[in-house]
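The values are calculated or read from the model by the stated rules, or taken from the named source; none is laboratory data. As the structure is a prediction and not an experimental result, all values here were calculated from the model. No Cβ is skipped: glycine too gets one built from the backbone with ideal geometry, and neighbour counts run over all protein chains shown. Please note that ligands, DNA and RNA were not included when accessible areas were found on the heavy atoms of the full protein model with its side chains. Shrake-Rupley method; radii C 1.70, N 1.55, O 1.52, S 1.80 Å.
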Amino acid sequence: MLSTQTKLINYIKSVQQEIKASATEIAHPSIDKICADVSSQTETQIEVISETKLLVPVIGAFSAGKSSLLNAFMERSHLPVAITPETALATELHYSKEEVIEACGIDNRIHKFQLQEFAQITARAQEFQYLRAYINSPSLQSIQPLILVDMPGFDSPLDAHNQAINFFLSRGTHFVFLTSVEEGGLHRHALRQMREILDLSRRFSVCLSKSDLKPESQVNEIVAHIEDQITNEFGSNFGVITLNQYNAQQQLSKLVEDIDPEFVTANLHIPHLKKAYYETNAALVAIANSLGKSKQEINEKLEAIKNDLNNLEDERKRQLQEISGPDANDLALPVMNALKAALQNSTSELVEAAMRNPRDLELELNELVRSTMNREVLLATEAFSTNTVQRFEKFAQDHLKVDFQIPTDVIQIGLDAIKSPLLGAIAKQLGGKASKKMATVAMRTIGVGVSIANPIVGIVTALLPDLVESLFGTIKTNRQREAIKMSLQSDLFAQVISQMKIKVTEHMSQVAQSVVETISHEFSQRLENERSIYELQENQHQEELAVLEAKTQRIKKTNVNLLKLASGVIIDSAI
């Protein structure tokens, strides 16, 4: 177990002990409720942190050498290397003394196979979403909790490729892009996915495989070309690691060691623990303020909370009405403008793909639309979220009588949950429903709350083949570039924009509704919590001033102790 995991688990246990001690001394129903809530959360929090898995997808074109590289790393040839693009499945590589393969079916059911049965699995590839291979490999054991993932190639069939990319994009801790010297550089697909990864605040490494197949001078030229591609695209150079059949295991091991699992694990779990800390802190402050209040003061407070809740509900309805009104189309406008620009800017690439064959055009266009949608819907959602938070904060300041503040971290956790594709939208995209078991696995895997619930990319796979086929009906007799360019711009682009606009508008409206509901809920929940505290206090017998003062001081001491426990762990973290 990582030291970060140990520190966070110890912190959770210490918080539980402090709350229990406070509840025993104070003997107040509101404190008892906090104690019960903390105790119920503790087991789940510890389980989630203990079973954290950090995924490292290895991405590249078919035949780039991904499976061979991973076999070399494990020093065992388990992964098949002679399969076709049609049978490629994303495969997570887990360490285990008991070797087995778990295949996640399209219906989310788990099918088990022996490690030697990869041939049977690939023959049934259309039935599965991805694989988990449990292998008794010291190399895999040494990098825990990092989990390498063998991804389908860029030239795998569209449905398999999209499923794997969208399923693992938000889950990846760090990405390894692999290109061979035979390719001579990075595919445009790779550069787009690198952009998506950077947008998600992730990191990646670039490896050049099969470097022993060309003279050193040519390899150096290819490395320089790749570095120029990355610099021109992103403004900085990430460096290129050269691999051959002799150093692959050593180089990949070094690359994995350079990934900081302690830092990643802290970033994954600390925000959720911060949210719990702030909520507990606010409840304790409210309890301390309620002690010693007269019946009249308590009733006045409850009336003020009731009025604030009603006002907040009116504001929620008003903002939802705006979203469903004429302004709804404005939410999708920046996304559609970006898609139009992306299509126009990629016309030359699409023309070259069309010159080759319909499948290449379909692949290129699908990847372009998918990556653009992922990026632009995320940006549009973040912009709308920021504006909505500001509007609710201004409303609370101007119209709510109960004085309270909600830390930005608390609201952000809720917004991140909206943007996560793991527990809802991604399941629809993959053709199934997220089961409770899958939800649990997802919560234990890096990436919850860092991407965008984006089911609209799912329609790209279904939409584009027919559009591409109709386009080729007009250009088969004339394969000149200018004729193809005109057909793309006047026909195919227009159809893609028209079809996607409907879906994007619908989706952005749903996202906006979720944002408003989430932010409104955070404000109303804080008021509801305070109301429950005062309602419990209303039923308490009046106590001597000395007793009330002692309880108040003990509650303040509890908050001080909780802050000490949190400092350096989840607040101003030194992990």
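Suppose the filter is surrounded by fewer than 20 Cβ atoms within 10 Å (Cβ to Cβ), in contact (Cβ under 8 Å) with a residue 60 or more places away in the chain and either touching a Pro at 6+ places or on another chain (Cβ under 6 Å) or among the hydroxyl-bearing types (Ser, Thr, Tyr) (or both); does SER63 pass it? Taking the combined requirement at face value, the residue satisfies it. Criterion applied to SER201, SER209, SER236 was being touching a Ser or Thr at 6+ places or on another chain (Cβ under 6 Å) and among the small types (Gly, Ala, Ser), and the one residue passing it is SER209.
If we scan the stretch 345-357, do we find a residue that is at pLDDT 85 or above and out of contact with any helix residue (DSSP H, G or I) (no Cβ under 9 Å at 6 or more places or on another chain)? Scanning the stretch 345-357 turns up at least one residue that is at pLDDT 85 or above and out of contact with any helix residue (DSSP H, G or I) (no Cβ under 9 Å at 6 or more places or on another chain).
Evaluating SER77 against the criteria (1) open to solvent by less than 60 Å² (accessible area, probe 1.4 Å); (2) in contact with a helix residue (DSSP H, G or I) (Cβ under 7 Å, 6 or more places away or on another chain) leaves one unmet condition, (1). For the stretch 168-189, the set of residues classified as of a type in the set (A, V, I, L, M, F, W, C), touching a strand residue (DSSP E or B) at 6+ places or on another chain (Cβ under 7 Å) and open to solvent by 10 Å² or more (accessible area, probe 1.4 Å) consists of LEU186 only.
Does ILE9 qualify as being among the aliphatic types (A, V, I, L, M), open to solvent by less than 30 Å² (accessible area, probe 1.4 Å) and closer than 25 Å to ILE143 by Cβ? Step through it out loud before you land on a result.
On the way: among the aliphatic types (A, V, I, L, M): yes; open to solvent by less than 30 Å² (accessible area, probe 1.4 Å): yes; closer than 25 Å to ILE143 by Cβ: yes.
The answer is yes for ILE9.
Could you say whether any residue in the stretch 524-545 is surrounded by fewer than 17 Cβ atoms within 10 Å (Cβ to Cβ), more than 33 Å from the chain's Cα centre (by Cα) and β-branched (Val, Ile, Thr)? No: the stretch 524-545 contains no residue that is surrounded by fewer than 17 Cβ atoms within 10 Å (Cβ to Cβ), more than 33 Å from the chain's Cα centre (by Cα) and β-branched (Val, Ile, Thr).
Taking each residue of the stretch 230-246 that is charged (D, E, K, R) and looking for partners that are open to solvent by less than 50 Å² (accessible area, probe 1.4 Å) and part of a helix (DSSP H, G or I) with beta-carbon atoms closer than 8 Å, six or more apart or interchain, yields GLU233/LEU191; GLU233/MET194.
Would you be able to tell me the number of residues in the stretch 19-30 that are open to solvent by less than 50 Å² (accessible area, probe 1.4 Å) and at pLDDT below 90?
Total satisfying the criteria: 4.
Residues that are farther than 13 Å from LEU331 by Cα and buried (at least 18 other Cβ atoms within 10 Å of the Cβ) within the stretch 480-513 comprise ILE484, SER487, LEU488, LEU492, PHE493, VAL496, MET500, listed in sequence order. In the stretch 40-60, which residues are hydrophobic (A, V, I, L, M, F, W, C) and open to solvent by less than 20 Å² (accessible area, probe 1.4 Å)? Passing the criteria: ILE49, LEU54, LEU55, VAL56, VAL58, ILE59.
Rundown of residues vs (1) in contact with a helix residue (DSSP H, G or I) (Cβ under 7 Å, 6 or more places away or on another chain); (2) part of a helix (DSSP H, G or I); (3) modelled with pLDDT under 90, yes/no style:
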| position | (1), (2), (3) |
| --- | --- |
| GLN17 | no, yes, no |
| THR42 | yes, yes, no |
| ALA64 | no, no, yes |
| ALA72 | yes, yes, yes |
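Output the residues belonging to the stretch 200-216 that are open to solvent by less than 70 Å² (accessible area, probe 1.4 Å) and over 22 Å from SER63 (Cα atoms). Matches in the stretch 200-216: LEU200, ARG202. Within the stretch 99-131, being modelled with pLDDT of 85 or more, assigned to a helix (DSSP H, G or I) and open to solvent by less than 20 Å² (accessible area, probe 1.4 Å) holds for LEU115, ILE121.
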